[in-house]
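Input: a single structure, listed below in structure tokens.
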Amino acid sequence: MILLNPGPVNVSERVRQALLKPDICHRESEFNDLVEGIQDKLVRAFAPAGGYLPILLTGSGTAAVEAAVTSCLPPGRRILVIKNGVYSQRIATIAAAHKMQNMDIAGEWDQRFDTETVPVALRQNKAIEVVAVVHHETATGLVNPVKEIGAIAKKAGRVLLVDGVSSLAGEELDFVSSNVGLIVGSSGKCIQGFPGVGFVMVRRDIMEQMVTYEQRSVYFHLPTYYKHLEEGSVPFTPAVQLYYAFNEALSELLEEGVPNRIARYRKAARLIRNRMRAIRVKFFLREPLWSNTLTALNLPDGVHYDHLHGLLKERGYIIYAGQAQLAEKLFRVANMGALTEANLTGFLDAFEEALPEARKLGEARSGEMGRLADERIEKAEREAAEAKAAEEAAKAEEEARKAEEAARKAEAEVRKGDAEGSEDKPEVKSGA
């Protein structure tokens, strides 16, 4: 099956075979060597200038985001969330769930974020310590201006936290020039591993500060992982085989080169977009906002997502639905993962083949929905008429009852009057 969803992704056979490496105990030196190798590769891939410490944990990208959010804030301070998509909303939800003080700046989901609102918020609220932003918002395929936001945070003396789960190895980002304090990643996106290993790359000076902050979680407390790493250990049982596969995926990434992978993704996205444009499928975002690895497209008129998804799945391709308020409007096509040009061309051919069928199914559903709507209207009208008739019958019955009661009262009055008249008549005595 060709996966065109933004994770999990198709992996190479080489990464798949890494799952078959020998079983080892996570308390042995062999596993510590594996972790150190992964850390080294992460630094070489994403922070070659150094200064960042990768913290690994078993869990999804969201698990790593929760670890970063709950570990980065000292007591009495606030986190500012740039909120313009599903995953930035998730950051705010995490903060709220842990009773952290958070402030949000909302942005339109289909527009470039207005960075001028950030310095205003920072000036107005001195308690803000951390600014959080999602780099690639896969709900729409939008890329946020992390470098500009990072410059603002640096000037104001704040820490920048980046959700890079769907952008690391897919979008260009220089940690130093962008003032990244913490950035979250995952094994199962553009790094092309299996899902299940999350990581947070933390600037070392910030990690030294974080060890003094209150502990909000047991499993997600990054300083706990840091302490164990310094001792050559891990605090909890990890998914060992997934670490093997992640390590292999990182080796592939370094061999390809991060810039080359980004270029490969950009070329793949261009291939998809050119074909979609040619058949007049409309894009949700304007071109300057597009990521390299995901395209959000408006559902063609008369086409329902479940029909389109089902027809493409029959042909061996998985697309993705829209989220939240966009669930009925969009479908998404991701091009991250170990995909070839032949995979993408095959999908595009299948899409053009499936589209007329999806339209026919949509017409049939519209007809059925129209029939059901007519039946509902007819039923409602019938029930309204029956209710009105029942109401009128009840009213007539009530009026008849009242009339009968009035007649009884009138008859009673007559009888009473007759009785009283009889009592008032003088008694007539007969003569002798």
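The values are calculated or read from the model by the stated rules, or taken from the named source; none is laboratory data. These numbers come from a predicted model, not from an experiment. Don't worry about glycine lacking a Cβ; one is built from the backbone with ideal geometry, like all the others, and counts go over all protein chains shown. Just so you know, the surface numbers come from the protein's heavy atoms only, side chains and all, with ligands and any DNA or RNA stripped out. Shrake-Rupley method; radii C 1.70, N 1.55, O 1.52, S 1.80 Å.
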Work the Kirkwood hydrodynamic radius out for the range 8-50: mean of 1/r over every pair of different alpha-carbon atoms, inverted, in Å.
12.4
Between the range 158-230 and the range 265-294, what is the separation of their alpha carbon centroids in Å?
30
Excluding residues fewer than 8 places away in the same chain, name every one of the lysines whose C-alpha is closer than 26 Å to that of Lys402.
Lys388, Lys416
Quick one: which residues, 5 or more positions from Leu160 or on another chain, have an amide H under 5 Å from its amide H? H modelled 1.01 Å from N in the peptide plane, none for Pro or chain starts.
Val131, Gly181, Leu182
Rounded to 5, the percent of DSSP beta bridges in the range 34-180 classed as antiparallel
10
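Please report the net charge: other residues with Cβ closer than 9 Å to the Cβ of Ile319, K and R +1, D and E -1.
+2
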When every protein chain stays in place and a 1.4 Å probe is rolled, Ile152, Ile191 sorted by accessible area with the largest first are Ile152, Ile191
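Can you give the Kirkwood hydrodynamic radius of the range 196-332 from its Cα pairs, in Å with one decimal?
Value: 19.3 Å, from the Cα pair sum.
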About the Cα centre of the range 225-365, what is the dipole size in debye to 20, counting +1 per Lys and Arg Cβ and -1 per Asp and Glu Cβ, all else neutral?
700
Cross-link partners among lysines for Lys227, C-alpha distance below 23 Å, same-chain residues fewer than 8 apart left out?
Lys41
Under Stokes-Einstein, the range 31-117 at 37 °C and 0.692 mPa s, with its Kirkwood radius over C-alpha pairs, diffuses with a coefficient in µm²/s of 215
For Lys329, which aspartates and glutamates qualify as cross-link partners when the Cα separation must be under 15 Å and same-chain residues fewer than eight apart are set aside?
Asp110, Asp301, Asp306
Under 20 Å between alpha carbons: how many lysine pairs meet that in the range 66-201, if sequence neighbours fewer than 8 apart on the same chain are excluded?
8
Using a probe radius of 1.4 Å on heavy atoms only, what accessible surface per residue do you get for the chain? Whole Å² is fine.
49
Residue-ordered couplings for the range 203-220, obtained by feeding phi - 60° into the Karplus form 6.51 cos²θ - 1.76 cosθ + 1.60 and rounding to whole Hz (Gly and Pro as x), are 4, 4, 5, 6, 4, 5, 6, 5, 5, 8, 7, 5, 8, 9, 8, 8, 6, 9
Among bridges DSSP assigns within the chain, what percent are antiparallel (round to 5)?
50
For the chain, what is the Kirkwood hydrodynamic radius in Å, using each pair of distinct C-alpha atoms?
25.6
How large, in percent, is the carbon and sulfur part of the accessible surface of the chain at a probe radius of 1.4 Å?
51
Among DSSP beta bridges whose residues both lie in the range 140-279, state the antiparallel percentage, nearest 5.
55
